[in-house]
Amino acid sequence: MRRNCPKIKIISSLVVFMALFGLAAPVIGQTLPKVSIQVGESDDASDLTTTLKILVGLTVLSLAPSIIIMVTSFVRIVVIFSFLRHAMGTHQMPPNQLMVGLALILTFFLMAPAIEQVNTNSIQPYLAGDINQKQAYESGIQPIREFMLHQVREKDLELFVNLSKIETPQSPEDIPTYVLIPGFIISELRIAFQIGFTLFIPFLIIDMVVASVLMSMGMLMLPPIMVSLPFKILLFVLVDGWYLIIKSVISSFG
């Protein structure tokens with residue numbers, strides 16, 4: 001059987017090669033697109049401007065996901081879910097991908113009215129050619145600014161207004177976006193930490209009760225977290241924890 005192994009490997013390799021060649025054969029006779037990047041001198045100054053626009057566009061696209069999640073409800077939701085998992089002591093359960101996915105779904109749910117306004121007032125008119133790029137940005141950022149202004153704390157906003165050393169805004173419309181975003185983020189973190197502290201209290205009580213019972217029974221070698229974890233999961237299920245947490249998170253944006 002061992003002598004036949006090389007033959008079997010050679011035959012299987014030939015079969016795979018023939019299969020790949022058979023799939024690629026219809027494409028060989030066709031004209032394929034050619035993509036090339038060239039570096040050289042140019043007599044036209046507009047070529048440099050176009051190249052810089054492409055580089056800036058690629059940079060913005062690479063940072064777009066981080067920028068988008070920072071101006072939405074995602075920050076508060078994902079921090080609360082992280083606190084919940086640490087309070088229960090389940091470590092990697094639920095997995096990170098599931099927690100982030102649920103946070104994204106709830107973010108889309110909460111931001112649906114703003115996204116609809118951006119699509120109606122900015123994206124569709126820009127694609128139709130009715131407005132230019134600057135007008136599309138100004139009309140598209142307005143729903144996002146309204147959401148952030150509704151959630152930001154005045155004290156946090158005042159902090160960044162003072163740090164930026166700009167004139168005191170007379171109205172919310174006078175606040176620059178680059179000042180509004182950091183104030184919004186620390187306001188979201190503050191609320192998320194407050195809710196996270198509240199989540200820790202019932203699970204901390206269970207840990208203390210279990211640790212006291214184990215010490216009174218003389219079972220010092222048994223880790224209390226191993227005993228308290230099933231009780232915390234049972235409590236979370238009995239009170240319908242996911243329902244209460246999702247309801248509280250959504251209501252906190254009211």
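The values are calculated or read from the model by the stated rules, or taken from the named source; none is laboratory data. In this text the structure is predicted, and so the values were computed from the model without any measurement. Backbone-built Cβ (ideal geometry, glycine too); neighbour counts: all protein chains shown. Accessible surface is based on the protein model in full, side chains and every heavy atom, while ligands, DNA and RNA are left aside. Shrake-Rupley method; radii C 1.70, N 1.55, O 1.52, S 1.80 Å.
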Quick calc of log₁₀ I(q)/I(0), the stretch 211-254, Debye, one scatterer on every Cα, no solvent, q values 0.18, 0.29, 0.31 1/Å, result -0.64, -0.93, -0.98
What spacing in nm lies between the two simple spin-label points modelled at M215 and K165, each 7 Å away from Cα in the Cβ direction?
-> 5.5 nm
Quick note, the stretch 109-254: a/c under 1.5 would make it rounded; otherwise a/b > b/c is prolate and the rest oblate (a ≥ b ≥ c, C-alpha gyration tensor); here it is prolate
With all protein chains present, the stretch 75-137 has a carbon and sulfur share of its accessible area (1.4 Å probe) in percent of 65 percent
Measuring from its Cα centre, the stretch 120-254 shows a charge dipole (+1 at each Lys and Arg Cβ, -1 at each Asp and Glu Cβ) which, in debye to the nearest 20, is 440 debye
How many Å² of accessible area per residue for the stretch 91-140, probe 1.4 Å?
-> 71 Å²
With θ set to phi - 60° and the Karplus curve 6.51 cos²θ - 1.76 cosθ + 1.60, what are the ³J(HN,Hα) couplings of the stretch 197-210 in order, to the nearest whole Hz, using x for Gly and Pro?
-> 4, 5, 5, 5, 4, x, 6, 5, 4, 4, 4, 5, 5, 5
Alpha carbon convex hull of the stretch 62-182, volume per residue in cubic angstrom = 144 Å³
Can you give me the Cα centroid spacing of the stretch 64-84 and the stretch 115-159 in angstrom?
-> 19 Å
What per residue convex hull volume, in Å³, comes out for the stretch 172-254 when only alpha-carbon positions are used?
-> 112 Å³
Residue-span extension gain [I141 to F193] - 0.36 nm each, minus C-alpha spacing | 16.0 nm
Return, ordered by residue number, the residues of the stretch 57-81 whose backbone nitrogen is under 19 Å from a label point located 7 Å along Cα→Cβ of R153.
-> 71-81
Label model pair I201, T59: point-to-point distance (7 angstrom along the Cα→beta-carbon line) in nm is 4.8 nm
Please list the non-local residues whose amide H lies under 5 Å from the amide H of R153, H modeled 1.01 Å from N, same-chain partners needing a gap of 5 or more.
-> S187
Would you kindly state how much longer the chain becomes between L127 and K247 on full extension, computed as 0.36 nm times their sequence separation minus their alpha carbon distance, in nm to one decimal?
-> 39.5 nm
